[in-house]
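Here is the structure we will look at, set down as structure tokens.
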């Protein structure tokens, strides 16, 4: 039996009705704090039923994200796979994938590629604070397109590192599937091709092997920065505490994570600020302080630079969905 587990989060529909009163909107926004998981996804023709495209070279069927807070376990099991292709991009925590009969832990910064009719058996745990993006796609030329972009078909796991560029491409595909603006299907294929190029680039840049010692140290560093992202962190002091020069630490961290330590901290701050804007009534000034900025104006400029909208306008756009 083909089992697929779906969970609907209120944020997926709570602002669709423009007639909802302000009081009810505030109530709904408060309710979302009680939820243990966040999901936001879009589907072609608003249908979750996959199909095999036989005419078009490439077509995106769905894209979205899941983020676990305290939900204990989010499993997916499709014994016979699906008729389409899938990319699962882990951007926080880790995922657990049953591949060739082995339970493999896949940390953030990796993409798992599933081919049509390939068994899909994986799960995410709330204790890992996992977050991942997915995209399903099909088309009569998918295999040749992947080969053209040098995406290996004989492996499951593609290492890209944590990439805001990749994450933004997943997000844009999701948004296009939700908005369905003029020409969105053609734009979706362009975004997917861009994502495949980005994946290929990052995989080629990662060809230089990192020693086990350096890898362990950088994992320790990422954990520390993620836990203390809203504090004043001195990269120089952290490097010195681990008996490393600032320059060597910065280069090693960038090689392991795909972004610099400062960019990694910024990523954590903006991501959590975005979550607070979506799920709380906190003011922009309050959110700025929570994520580590004493100056709300500076925070707003950074947020606009990364997300393309000011915090206030981002919240309005989110509430308008």
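What does the extension gain come out to for residue 117 and residue 56, with contour length at 0.36 nm per residue minus their alpha carbon separation?
20.0 nm
Do the sum for the chain: with -39,500 (n - 2.57) for every DSSP H run of n ≥ 4, divided by all residues, what is the mean residue ellipticity at 222 nm, to the nearest 500 deg cm²/dmol?
About -13500 deg cm²/dmol.
What is the Cα radius of gyration of the range 238-321 over 2.2 N^0.38 Å, N being its residue count?
Cα Rg divided by the expected 2.2 N^0.38 Å: 1.30.
Taking 8 Å as the Cα distance limit and 6 or more residues as the minimum spacing, I'd like the relative contact order of the chain as a percentage.
Dividing the mean separation by the residue count of the chain yields 17 percent.
What percent do you get for the relative contact order of the range 172-321 when only Cα pairs under 8 Å and 6+ apart count?
Normalised by residue count, the contact order of the range 172-321 is 16 percent.
If R0 is 22 Å, what FRET efficiency do you get for residue 180 and residue 140 from their C-beta distance, rounded to 0.05?
The pair residue 180/residue 140 has a calculated efficiency of 0.40.
At what distance in nm do the modelled label points of residue 127 and residue 247 sit from each other, each positioned 7 Å from its Cα along Cα→Cβ?
About 4.3 nm, to one decimal.
For residue 190 and residue 272 in one chain, what is 0.36 nm times their gap in residues minus the Cα-Cα distance, to one decimal in nm?
My answer for the length gained is 26.6 nm.
Calculate, for residue 301 and residue 223, the FRET efficiency according to 1/(1 + (r/R0)^6) with r their C-beta to C-beta distance and R0 25 Å; round to the nearest 0.05.
FRET efficiency, residue 301 to residue 223: 0.30.
Taking the Cα centre of each part, how many Å lie between the range 224-248 and the range 285-321?
Taking the Cα centre of the range 285-321 as reference, the centre of the range 224-248 is 25 Å away.
Provide the packing ranking of 303-313, 271-281, i.e. peptides ordered by the mean count of other C-beta atoms within 10 Å per residue, highest first.
Ranking the peptides 303-313, 271-281 by packing returns 271-281, 303-313.
Binned at 5 Å from 0, what are the whole-percent values of the Cα-Cα distance distribution for the range 10-205, short to long?
All Cα pairs, binned at 5 Å, distribute as 1, 7, 15, 19, 20, 17, 10, 6, 3, 1, 0 percent.
If R0 is 56 Å, what FRET efficiency do you get for residue 149 and residue 231 from their C-beta distance, rounded to 0.05?
My answer for the efficiency is 0.90.
The numbers here are math on the coordinates, done by the rules we state, and not lab data. Please read all numbers here as calculations on a predicted model, not as lab measurements. Cβ: placed from backbone, ideal geometry, glycine included. Neighbour counts: every protein chain shown.
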